[in-house]
Amino acid sequence: MDLRDEILKEHSRKQAQKIADWVGNDKKRFSKLIDLFLHDEYRVVQRSAYPISIISDKHPELAEANIGLMVKRLYDKDTHVAVRRNVIRILQFIEIPKNLHAKVLNFCMQYLQDPNEPIAVRCFSMTVLARLSKQYPALNNEIVQVINSSVKNPTSGMKVRIRRVLKELMS
């Protein structure tokens, strides 16, 4: 399979799943996908994010081995929302290395406070912040304040996430 051609062929869940199935837990194939995610043109980067997320659900060890590179993509100012959404989504479920905690905390706080950021990115950010707060309980009050002050007119799904995260932070 020519991975790049497959990524460009179609932008759909079905195609993302096909790519994810082809990669499976093969480290070399996953490395090729990560390379496209990090270094290719805008459209390829955007479309490669979804299969990476799917693979990370089934094979978190592949994501954990590459999470530093994925977090690095968040620094790009012109990063497509699909990249932010999928990287932050992955961070909800994997072990984040200590050396990335500060960077991830900053990104998640920034995304949560930005009313123009898509709801999924903001919700995923809340969950990542709640997970990291277990290691840094001194942040709990700050995270609660940011949630309470930043989230105006939340959707019903976001309300559920807020309640769950606040309960976790308050316990």
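Side notes on the structure shown:
- Lysine pair count for the stretch 98-171 with Cα-Cα distance under 17 Å and sequence separation of 8 or more or different chains is 4.
- Angle between the chain longest axis and helix 101-113 axis [Cα atoms, degrees, rounded to 10]: 70
- Geometric descriptor of the stretch 98-171, per residue, is 74 Å³ (volume of the convex hull of the Cα atoms).
- Distance in nm between pseudo-label sites at Met170 and Gln17 (7 Å out along the Cβ direction from Cα): 3.9
- The stretch 1-95 - convex hull of the alpha-carbon atoms, volume per residue in Å³: 84
- Report summary: the helix-based calculation at 222 nm, which adds -39500 (n - 2.57) for every DSSP H run with n ≥ 4 and divides by the residues of the chain, gives -23500 deg cm²/dmol.
- Note on Ala102 and Ser149: with the Förster distance fixed at 22 Å, the Cβ-Cβ geometry gives a FRET efficiency of about 0.50.
- Contact order, relative form, for the stretch 43-143: 26 percent (alpha carbon pairs under 8 Å, 6 or more residues apart, mean separation divided by residue count).
- Computed from Cα positions, the angle between helix 27-39 and the longest principal axis of the chain comes to roughly 70 degrees.
- Taking every alpha-carbon pair within the stretch 121-164, the share separated by more than 16 Å comes to 31 percent.
- In the chain, one over the average inverse separation of all distinct C-alpha pairs is 16.6 Å, which is the Kirkwood hydrodynamic radius.
- Only Cα pairs under 8 Å and 6+ residues apart enter the sum, and on that basis the relative contact order of the stretch 98-171 stands at 35 percent.
None of the figures in this text is laboratory data; all of them are computed from the coordinates on show. Treat the numbers as computed from the prediction; the structure is a model and nothing was measured. All Cβ positions, even for glycine, are placed from backbone atoms using ideal geometry, and neighbour counts span all protein chains on display.
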